[in-house]
Amino acid sequence: MKRLGKVLHLSTHGNLIIRSDDGSLPRMNSSVLTKKMEKIGTVYDIFGPEKDPYISVRLFKNYPASKAKALINDRVYTA
């Protein structure tokens, strides 16, 4: 398990926007997990500056938006 970054907000399209911690890029479609090892979605897009990119995570359909909003300012991880 590798640290992905800090959750910034929920986009208008329902994706979580994450700021990368160390600038390393995850693989597309890799699983994203919470600190409690709960799978929440997959890496959908990577954008922004090369040094500190933003990562868009497409949430699983059965993952409620209320739980996603509770993740704001938390760290998430990739498998």
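Rolling a 1.4 Å probe over the protein heavy atoms gives region 8-79 an accessible area of 63 Å² per residue. With contributions of -39500 (n - 2.57) from each DSSP H run of at least four residues, the per-residue ellipticity at 222 nm computed over the chain stands at -1000 deg cm²/dmol.
Among the protein heavy atoms of region 38-79, carbon and sulfur supply 51% of the accessible surface, probe 1.4 Å, non-protein parts ignored. Protection proxy ranking of 15-21, 28-34, 48-54, 67-73, by the mean of other Cβ atoms within 10 Å over each peptide's residues and highest first, is 15-21, 28-34, 67-73, 48-54. Computed from label points 7 Å out along Cα-Cβ, the spacing between residue 60 and residue 44 is 1.6 nm.
Give the Rg/Rh ratio for the chain, taking Rg as the radius of gyration of the Cα atoms and Rh as the Kirkwood radius, to two decimals.
Using only Cα positions, Rg/Rh for the chain is 0.91.
Among the lysines of the chain, pairs that are 8 or more positions apart or on different chains and have alpha carbons within less than 22 Å of each other number 23.
The values are calculated or read from the model by the stated rules, or taken from the named source; none is laboratory data. All figures in this text were calculated on a predicted structure; none of them were measured in a lab. All Cβ positions, glycine included, derive from the backbone under ideal geometry; neighbour counts span all protein chains shown. Areas reflect the complete protein model, heavy atoms only, side chains present, ligands, DNA and RNA absent. Shrake-Rupley method; radii C 1.70, N 1.55, O 1.52, S 1.80 Å.
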